[in-house]
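The next block holds one structure in the form of structure tokens; read it before the comments.
Coordinate-derived values only; no laboratory data. The structure presented is a predicted model; accordingly, all values stated were derived computationally and were not measured. Because the Cβ atoms are built from the backbone with ideal geometry, glycine has one as well, and the counts that use them run over all protein chains shown.
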Amino acid sequence: MKKVMIIGAGGVGSVVAHKCAALPEVFGEIMLASRTLSKCDQIAATLGRTIQTAQVDADNIPELSHLIRSFQPELVMNLALPYQDLTIMEACLATGVNYLDTANYEPPDTAHFEYSHQWAYDERFRQAGLMALLGSGFDPGVTSVFCTHILKHHLDTIETIDIIDCNGGDHGQPFATNFNPEINIREVTAKGRYWQDGQWIETAPLSEKQQFELPEGLGNMNIYLMYHEELESLARFIPGLKRARFWMSFSDNYLKHLEVLGNVGMTRIDEVEFQGQKIIPLQFLKALLPDPASLGPLTKGKTCIGCRIWGHKDGLKKGFYIYNICDHEECYREVKSQAISYTTGVPAMIGAKQMLQGHWQGAGVFNMEQLDPDPFMHDLNLYGLPWKVVEL
Ligand SMILES: NC(=O)c1ccc[n+]([C@@H]2O[C@H](COP(=O)([O-])OP(=O)(O)OC[C@H]3O[C@@H](n4cnc5c(N)ncnc54)[C@H](OP(=O)(O)O)[C@@H]3O)[C@@H](O)[C@H]2O)c1
């Protein structure tokens, strides 16, 4: 009986709990632990089988280690926030348990994420004989596996990758974010950055824009160049990669609100004095915005996330577009969450499944690009995120 501990009872943690609970032959026993016990209990009550729940502060290494020791899981799945990555990795090392997450570490006081903090744990995980799998969501996660799938089955070399993340969903709210507002707004308001010819090129936030025609008649969307964490691991692990860029769609309405909020200082992440109290404007804004979980029943439309990849096969230049389309309403019917949480939670479950079944094994810290894409791609088709490849 394999045991897993899921940390974080937010939008993504809820999907992971649903998907793992539906596979008792892989996930024999489950504990869902988070800062707020009632959120864990609410999720547990909607599952088709009994799981354990617990309250834990994942910033507190001794408290978390104590909980891990008492439950004795094979794997801890971190679906809390990127701020907790390092403390959860420490607790895994202290208790001898494997680790998985979906987002790389970001210090709370600087809106800048990079893998160096977590890659620095490689030696300690190696020595402990444990595996840490980083970024097993959709992007990062599936997008990197899409690239390694194309490299394994369609191309000899990859030269350029454009990851394109489009959300055609409409929740009917004047302004809301589809996942944790603080993390989302920090990411969107950061400078753009892409990999070209062995170096990073910086751009002003959202300054590069293109029109993208989505597949299967989904229409056109404006997409904007952003920095995203898988660019760093792709640049490191895809040999000979000349250029890697990440694009995300935003509606004019979303950008208008974001611009005004930025102009009035509401997206600041430094402390300000307010009526004798110190507050961080972005955290205050988060408290005012709709909880992403509440958007589940309201959101209609589809997401389409994929990679346009060019390279060479047998000396000929070839291009492929590999993508998944996910329907917000279908996700809600299945697991009571919209497609943004669903497209993150399903790959987290599938990554965990590969580790528990021994398809993905090893000692050290791993990114998705380092592992065999085949069993993961197979399971995407089986567990709710079917993909297609078209030649360009
Ligand atoms: N790779 C991808 O494709 C992708 C896409 C979207 C999101 N993500 C990542 O997925 C993760 C979860 O996102 P989400 O949208 O589910 O966020 P969320 O709804 O805000 O949920 C986060 C959960 O973590 C819990 N938490 C926060 N701090 C904690 C602590 N110190 N100890 C214990 N629990 C704590 C929160 O508890 P409370 O509710 O009690 O505060 C909440 O339940 C984030 O890291 C996000 O960056 C990845």
message = Quick check: the distance between the Cα centres of the stretch 322-375 and the stretch 101-143, to the nearest angstrom?
response = 16
ask   = When DSSP beta bridges are limited to those with both residues in the stretch 142-335, what percentage is antiparallel, rounded to the nearest 5?
value = 90
key: For the stretch 1-53, size of Cβ-based charge dipole, Lys and Arg +1, Asp and Glu -1, in debye   = 100
ask   = Shape of the stretch 104-186 from its Cα gyration tensor (a ≥ b ≥ c, root eigenvalues): rounded if a/c is under 1.5, otherwise prolate when a/b > b/c, or oblate?
value = oblate
task = Report the FRET efficiency, 1/(1 + (r/R0)^6), for K152 and I269, where r is their Cβ-Cβ distance and R0 is 41 Å, rounded to 0.05.
result = 0.55
ask   = Which value in deg cm²/dmol, rounded to the nearest 500, describes the helix-derived mean residue ellipticity at 222 nm for the chain, given -39,500 (n - 2.57) per DSSP H run of n ≥ 4 and division by the residue count?
value = -10500 deg cm²/dmol
task = Put one equal scatterer on each alpha carbon of the stretch 1-131, apply the Debye formula with no solvent term, and list log10 I(q)/I(0) at q = 0.14, 0.21 1/Å to two decimals.
result = -0.58, -1.25
note = Sorted largest first, the C-alpha extents of the chain along its principal axes in whole angstrom are 56, 54, 40
ask   = Which of the listed residues, F250, Y332, L289, is farthest toward the dipole's positive end in the stretch 142-335, when Lys, Arg count +1 and Asp, Glu count -1 at the beta-carbon?
value = F250
inquiry  = Modelling each spin label as a point 7 Å along the Cα-to-Cβ direction, I'd like the Q72/K256 distance in nm, to one decimal.
reply    = 6.0
ask   = So what is the relative contact order of the chain, in percent, for Cα pairs below 8 Å that sit 6 or more residues apart?
value = 20
ask   = If the cut-off is a Cα-Cα distance under 30 Å, which lysines reach K152, setting aside same-chain residues fewer than 8 apart in sequence?
value = K19, K242, K302, K313, K317, K318, K353, K388
request  = Using +1 at the Cβ of each Lys and Arg and -1 at the Cβ of each Asp and Glu in the stretch 1-118, identify which of Q72, T50, G11 lies farthest towards the dipole's positive end.
outcome  = T50
message = Looking at the chain only, what percent of DSSP beta bridges run antiparallel? Nearest 5 please.
response = 60
inquiry  = Checking the a/c ratio against 1.5 first, then a/b against b/c, what shape does the Cα gyration tensor give for the stretch 324-392?
reply    = oblate
query = Among V264, V12, V188, which one shows the biggest mean-square fluctuation in a GNM of the chain, springs joining Cα atoms closer than 10 Å?
reply = V264
task = May I ask you to evaluate 6.51 cos²θ - 1.76 cosθ + 1.60, the Karplus curve with θ = phi - 60°, for each residue of the stretch 73-80 and list the ³J(HN,Hα) values in order in whole Hz, giving x for glycine and proline?
result = x, 7, 8, 10, 9, 8, 10, 7
request  = Using only Cα atoms, figure out Rg for the stretch 142-335 and give it as a multiple of 2.2 N^0.38 Å.
outcome  = 1.15
task = Just grab the label-to-label distance for D314 and D41, each label 7 Å out from Cα along the Cβ direction, in nm (one decimal).
result = 6.4
query = Quick one: putting +1 on the C-beta of Lys and Arg, -1 on the C-beta of Asp and Glu, what dipole do you get for the stretch 142-335 around its Cα centre, in Debye to the nearest 20?
reply = 380
note = Output ordering of 108-121, 28-41 (per-residue mean of other Cβ within 10 Å, highest first) is 28-41, 108-121
inquiry  = Under a Cβ-only charge scheme (Lys and Arg +1, Asp and Glu -1), can you give me the dipole magnitude of the chain about the Cα centre, in debye to the nearest 20?
reply    = 440
ask   = Taking the chain as a Gaussian network, Cα atoms linked when under 10 Å apart, which of K318, K353, K336 shows the biggest mean-square fluctuation?
value = K318
Radius, Kirkwood style, for the stretch 1-55 when every pair of distinct Cα atoms is counted (Å) = 10.7
task = May I ask you to derive the FRET efficiency for T50 and D374 from their Cβ-Cβ distance with R0 = 41 Å, giving the value to the nearest 0.05?
result = 0.75
